[in-house]
Amino acid sequence: MIKLYNSLTQKKEEFVPIQKGKVGLYTCGPTVYDFSHIGNFRTFLFEDLLKRVLLAFDYKVHHVMNITDVDDKTIKKANDEKKELNEITNKYTNAFLNDSKSLRILEADDYPKATDHIAEMIQMIEVLVSKKFAYISKDGSVFFKISKYSDYGRLVNLSNSTILNEQQLSDEYDLDSVNDFALWKSHKNNDGKVAWDSPWGKGRPGWHIECSAMSTKFLGAHFDIHCGGVDNKFPHHENELAQSTCSLNTPFVNYWLHSEFLTVEGKKMSKSLNNFYIISDLVKEGFTYEDFRFIVLSAHYRSKVNFSIKRKDEAKSAIRRIEEIRQRLLGISNEVSNTLPDVVNDFNESLMDDLDTPKALAIFFNWVRLTNQNIDQKNISENEAKAGNAFVEYFNSIFAILDSPNVLPDEIKSLVDSREDYRKNKEWKKSDSIREKLLSLGWKLKDTKSGTKVTKI
């Protein structure tokens, strides 16, 4: 049985889906006003891990990730660059999706955009107004009235008297209390052409209502899991929980999961500290996408990840060890067994215990060590090699840090084939030249009696 730490109850709980064998999963996606940074991707990689584990245990997952393409930040970016809003948001949405693909993050089933679901947001706000959980200000903005909802603060274990949403202090809107949050913002000059008609006049949605409207549209009023980073917990998720519960009269979400921050050299990532990275920055520093995946997933999702450029070698070494054991096993048998070695039980238990990746990795690498010893001592059967192949592939279905076995990019395969031709013709200089080129491209060659083995560095 999978156990997950539920932020709502502040304890590990057995995961019991609403519908047997099915999971409704909502993950807060990017606000597309800029490139997503590696801290954002720490959260997205945790969510990918969760999804992969659920799939591995035969759950059918309906995954929805929103795209926030209208809010204060996206409008400001469009104004600063004197461009249309959708020109900005389309650019950074595509960048996010490309980075996600490069990092081997499984695609969501749905990527709803906020601007496509204004009608659903207005409908939800109307319900809240009718139930007196929300009020209309003089300028036509609409606010959720926190004092009307006695359970506000339960996600972050705060009482109403101690809650202060500092973001609201800078808002140029009339509200009854600084604790109240915007559901609908009346049109201001800075919004330009970004506005929609509503029962309260022209304006645009607040940030929090977007996720409530889109999650329930695609997953229903009551679904299984809602994820995000710890920075989403308050006020965003707290506000989501309040407005959704009050408008829908349902529990809304059964399990709330949050990943911890990513730090850089032990410090908060900041442009002012010159330690701010987006994915393309890491590539320039010599990281592969798999290197970054490994660093993130080597830490438990509820623990901070301390990122450092120096950790590149650590990641490459670990991935190289896994690739080497795979190649050694494939050298004994290139077949994959239908059965897995017994050690997979311990591996799975770690994953089922709130996604304990550090323990799972420790178990896996210990198996790698023992398997290498058995191969060195010629103490491994063909069937054991086949089971080992199966374990490596199963491991990779979770961590996704290896290429498919024996599958090379066309460019690399062409170079390897050319080198083989040169070797056959004893053109050693040309052969060595290709070896060096392949090495510069991140591929290591090893000539064996059974042929040339190609390994990604």
Inset, instruction - Would you mind classifying the range 329-414 by shape? Square roots of the alpha carbon gyration tensor eigenvalues, ordered a ≥ b ≥ c; an a/c under 1.5 is rounded, otherwise it is prolate if a/b is larger than b/c and oblate if not. - result: oblate
Inset, instruction - Quick one: go through the range 73-99 and flag any residue whose amide nitrogen is under 17 Å from the point 7 Å out along the Cα-to-Cβ line of ALA195. - result: 75-76, 79, 85
Inset, instruction - Calculate for the chain the 222 nm mean residue ellipticity that helices alone would give, adding -39,500 (n - 2.57) per DSSP H run of length 4 or more and normalising by residue count, nearest 500 deg cm²/dmol. - result: -14000 deg cm²/dmol
Inset, instruction - Under a cut-off of 14 Å between alpha-carbon atoms, report the aspartates and glutamates in cross-link reach of LYS386, not counting same-chain residues fewer than 8 places apart. - result: GLU335, ASP342
Inset, instruction - Enter the Cα centre distance for the pair the range 27-60 and the range 192-220, rounded to the nearest angstrom. - result: 24
Inset, instruction - Straight distance only, please: which aspartates and glutamates reach the Cα of LYS11 with their own Cα at less than 14 Å, same-chain residues fewer than 8 apart left out? - result: ASP353, ASP354
Inset, instruction - May I ask you to list the residues of the range 281-296 whose amide nitrogen lies under 20 Å from a point 7 Å from Cα along the Cα→beta-carbon direction of GLU411? - result: 281-292
Inset, instruction - Enter the angle in degrees (range 0 to 90, nearest 10) between the Cα long axis of helix 357-376 and the first principal axis of the Cα atoms of the chain, meaning the one along which they spread out most. - result: 10
Inset, instruction - Quick one: how many lysine pairs does the range 195-321 have with C-alpha atoms less than 16 Å apart and a gap of 8 or more or different chains? Give me the count, please. - result: 7
Inset, instruction - Pop a pseudo-label 7 angstrom from the Cα along the beta-carbon direction at both GLN377 and LYS132 and give the gap in nm to one decimal. - result: 7.8
Legend entry - Relative contact order %, the range 267-399, counting alpha carbon pairs below 8 Å whose residues are six or more apart: 30
Legend entry - Farthest positive-ward along the chain dipole, Cα basis, beta-carbon charges - from TRP428, TRP200, LEU370: TRP428
Inset, instruction - Name all residues of the range 235-259 having a backbone nitrogen under 11 Å from the label point set 7 Å from the Cα of ILE18 along its Cα→Cβ direction, giving them as ranges. - result: 250-255
Inset, instruction - Within 10 Å, count the other beta carbons around each residue, average over each peptide in 232-238, 366-372, and list them highest first. - result: 232-238, 366-372
Inset, instruction - Any lysines with Cα under 17 Å of the LYS91 Cα? List them, leaving off those in the same chain fewer than 8 positions away. - result: LYS73, LYS76, LYS77, LYS82, LYS83, LYS101, LYS113
Inset, instruction - Identify, among ALA95, ILE105, ILE136, the residue whose Cα sits farthest towards the positive end of the charge dipole of the range 68-162, taking +1 on the Cβ of Lys and Arg and -1 on the Cβ of Asp and Glu, with the dipole about the Cα centre. - result: ILE136
Legend entry - Dipole moment magnitude, nearest 20 debye, the chain about Cα centre, only Lys, Arg, Asp, Glu C-beta charged: 1160
Legend entry - Total charge dipole magnitude, the range 18-259, about the Cα centre, Cβ charges on Lys, Arg, Asp, Glu only, Debye to nearest 20: 380
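Each value in this text was obtained by applying a stated rule to the coordinates, not by laboratory testing. Here the structure is a predicted model, which is why all the values come from computation and not from measurement. All Cβ positions, even for glycine, are placed from backbone atoms using ideal geometry, and neighbour counts span all protein chains on display.
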